[in-house]
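The values are calculated or read from the model by the stated rules, or taken from the named source; none is laboratory data. On a predicted model such as this, the values are computed, not experimentally measured, just so you know. No Cβ is skipped: glycine too gets one built from the backbone with ideal geometry, and neighbour counts run over all protein chains shown. When the accessible area is computed, the model is the full protein with side chains, heavy atoms only, and any ligands, DNA or RNA have been set aside. Shrake-Rupley method; radii C 1.70, N 1.55, O 1.52, S 1.80 Å.
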Amino acid sequence: MMNWWENDFLKVKNQKLYLDEKEATEVAEEYGTPLFVYSKRQILSNLKRLLQVFTDKTSLELKIYYAMKANPSPGILKILGENGTYIDAVSPGEVDMALHVGFPRKKILYTGTSVSLEDLHQIFKQEGTIVNIDAEEQLELMKETRDRWFKNKKILVSIRWNPGIGIGFSPKTVTAGIKSGSGMPVKFGVEEKRVIPVFQEAISCGFVPIGLHQHLGSGWIRKDFEKVKCAVDKIIQMALKVEKEGFSLEFLDFGGGFGPKYYLDQEIFPIKEYAEYICRKIEESGLQIKTIAVEPGRYLVGDAGILLVKVEYLKKNYGNIFACVNAGTFNSVPRPAIYAEANHHIINCSEVNSEKKAKITVAGNLCETGDVFGKEIEMPLPKRGDILAVLCAGAYCRSMASNFNLRDIPEEIII
Ligand code: LLP
């Protein structure tokens with residue numbers, strides 16, 4: 001029987017993990033550990049699936065803006081660029097990287113927060129890049145930047161509104177609504193009653209608004225679908241209002257948020273039904289838009305990456321068993337250390353499904369108790385020298401890694 005996490009990248013033969021066609025332990029031997037391994041095949045199959053669920057249901061154009069914050073590795077950007085994606089960038093650094101690997105300026109949507117004159121100066125240099133406005137107050141800085149350095153330049157914009165509904169796997173990743181689940185005020189987007197005035201102001205400042213955007217948050221699961229549908233209805237209602245006020249919209253951008261399966265009993269978000277819902281609702285609404293945009297990050301790359309680590313020794317202490325590995329979470333897969341809700345499945349590459357299991361805590365090499373890749377997980381007892389694979393490490397792992405304790409960040413390869 002297939003393991004729930006097997007895909008176009010990860011396969012098991014005779015109890016051993018294979019990465020595409022290569023044995024994981026051999027890859028570890030050849031390149032050393034810790035090591036990020038990404039799979040071109042899996043990225044492309046994720047991309048194809050996402051395109052398919054929308055194009056099956058609509059004749060409108062679909063633009064997939066890859067949220068490169070998930071993983072800005074140049075090799076990954078190239079694969080996606082060569083296969084038709086656009087870019088969701090959130091900083092001048094990301095825009096520069098996207099341009100560097102060959103994305104045309106026109107394929108980049110810049111969604112900043114707390115933007116500065118310096119940020120805007122860099123962005124406006126790239127004529128054709130669409131600037132997604134996160135705050136009414138941003139318009140003043142944009143006008144100042146344009147008037148000072150880029151007189152008469154045509155600047156395309158969209159408005160990021162906050163529909164009052166936010167959804168994320170952790171309160172820290174809820175990006176719409178008034179306050180997140182933990183009571184944190186949500187900083188993103190323009191509130192409902194200011195959306196039309198912001199369109200008016202943008203025009204009177206000389207900008208050209210062409211889109212409406214929302215991003216509810218990250219890490220949706222099946223039970224979030226009802227709420228997501230409400231938010232789809234809300235953006236469509238708002239877009240109708242915008243059109244009625246006389247502004248024409250080229251695109252509606254639904255943001256990202258959906259993703260791969262991280263753990264066994266996670267019921268994944270129904271992407272096919274979501275696409276079907278968006279397409280049907282847009283059609284029924286009579287909106288004049290030409291394009292549907294989505295901004296997936298983890299959906300495209302999450303399950304296309306793993307981290308290989310080596311067990312240095314097994315430590316038994318006060319009844320706890322630790323597999324002590326040669327990487328630190330903060331330096332490689334920081335999500336479990338940052339988010340209490342994050343869960344990355346871990347397997348032993350040379351003994352994937354043994355009957356003899358024990359409760360193991362996979363601990364890293366940093367001076368912090370929270371430096372744990374997996375807490376008390378049931379897995380075959382590893383031994384010194386075994387290679388473990390931390391799954392679903394393609395998104396928000398390398399991109400959030402630091403040099404804490406002056407440890408290196410692992411190398412990355414794409415197979
Ligand atoms: N669009 C916008 C405007 C975003 O802010 C984000 C993510 C995305 C798209 C892509 O979201 P995705 O489809 O990947 O869920 N560090 C966290 C995730 C933070 C995401 C922030 N924004 C984590 O490790 O889960």
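Points to keep in mind about this one:
- Scan of the stretch 129-147 for residues that are more than 19 Å from ILE196 (Cβ to Cβ) and free of Cβ contacts under 8 Å to residues at least 24 places away in the same chain, ordered by number: ASP147
- Residue among GLU276, GLU284, GLU312 that is without any contact (Cβ under 8 Å) to a residue 12 or more places away in the chain and more than 18 Å from the chain's Cα centre (by Cα): GLU284
- Counted residues, the stretch 186-213 - those being more than 9 Å from the ligand (Cβ to nearest atom) and farther than 18 Å from GLN288 by Cα: 19
- Extreme residue, farthest from LYS69 (Cα to Cα), among residues of the stretch 250-268 that are open to solvent by less than 60 Å² (accessible area, probe 1.4 Å) and in contact with a helix residue (DSSP H, G or I) (Cβ under 6 Å, 6 or more places away or on another chain): LEU252
- Listed by first and then second residue, the pairs linking a residue in the stretch 193-213 that is assigned to a loop (DSSP other than H, G, I, E, B) to a residue that is surrounded by 14 or more Cβ atoms within 10 Å (Cβ to Cβ), with Cβ atoms under 6 Å apart and 6 or more places separating them unless they lie on different chains, are CYS205/LEU139; CYS205/LYS143; PHE207/ILE155; PHE207/VAL157.
- Output for the stretch 280-319, where each listed residue is among the polar types (S, T, N, Q) and touching an Asp or Glu at 6+ places or on another chain (Cβ under 7 Å): GLN288, THR291
- For the stretch 384-405, the tally of residues that are under 21 Å from CYS367 (Cα atoms), within 14 Å of the ligand (Cβ to nearest atom) and surrounded by fewer than 24 Cβ atoms within 10 Å (Cβ to Cβ) stands at 3.
- Residues of the stretch 323-345 classified as touching a Phe, Trp or Tyr at 6+ places or on another chain (Cβ under 9 Å) and either within 13 Å of ASP371 (Cβ to Cβ) or open to solvent by less than 10 Å² (accessible area, probe 1.4 Å) (or both), total: 16
- Residues being surrounded by 15 or more Cβ atoms within 10 Å (Cβ to Cβ) and either more than 14 Å from ASN162 (Cβ to Cβ) or out of contact with any helix residue (DSSP H, G or I) (no Cβ under 6 Å at 6 or more places or on another chain) (or both) - total across the stretch 182-191: 3
- Summed over the stretch 344-383, the residues that are in a loop (DSSP other than H, G, I, E, B) and out of contact with any Cys (no Cβ under 9 Å at 6 or more places or on another chain) give a count of 17.
- Restricting the stretch 279-305 to residues that are surrounded by 17 or more Cβ atoms within 10 Å (Cβ to Cβ) and assigned to a strand (DSSP E or B), the residue that is farthest from the ligand (Cβ to nearest atom): ILE292
- Scanning the stretch 334-349 for residues that are under 21 Å from ARG384 (Cα atoms) and either touching a helix residue (DSSP H, G or I) at 6+ places or on another chain (Cβ under 6 Å) or within 15 Å of the ligand (Cβ to nearest atom) (or both) yields one hit, CYS349.
- The requirement of being within 16 Å of the ligand (Cβ to nearest atom), in the same structural domain as PHE188 (by TED's automatic domain parsing) and buried (at least 16 other Cβ atoms within 10 Å of the Cβ) is satisfied by ASP119.
- Matching strands (runs of 3 or more DSSP E) fully within the stretch 1-82 where at least 2 residues are of a type outside the set (Gly, Ala, Ser), out of contact with any helix residue (DSSP H, G or I) (no Cβ under 7 Å at 6 or more places or on another chain) and closer than 25 Å to PHE373 by Cβ: 10-13
- For first residues located in the stretch 368-391 and over 17 Å from ILE338 (Cα atoms), partners that are among the acidic types (Asp, Glu) and open to solvent by 80 Å² or more (accessible area, probe 1.4 Å) and lie 6+ apart or on another chain with Cβ distances below 9 Å form the pairs PRO380/GLU355; ILE387/GLU29.
- Close contacts from the stretch 330-346, counting a first residue that is farther than 18 Å from PHE36 by Cβ and of a type in the set (Phe, Trp, Tyr) and a second that is within 13 Å of the ligand (Cβ to nearest atom) and assigned to a loop (DSSP other than H, G, I, E, B), with Cβ to Cβ under 6 Å and a gap of 6+ residues or different chains, come to TYR339/SER170.
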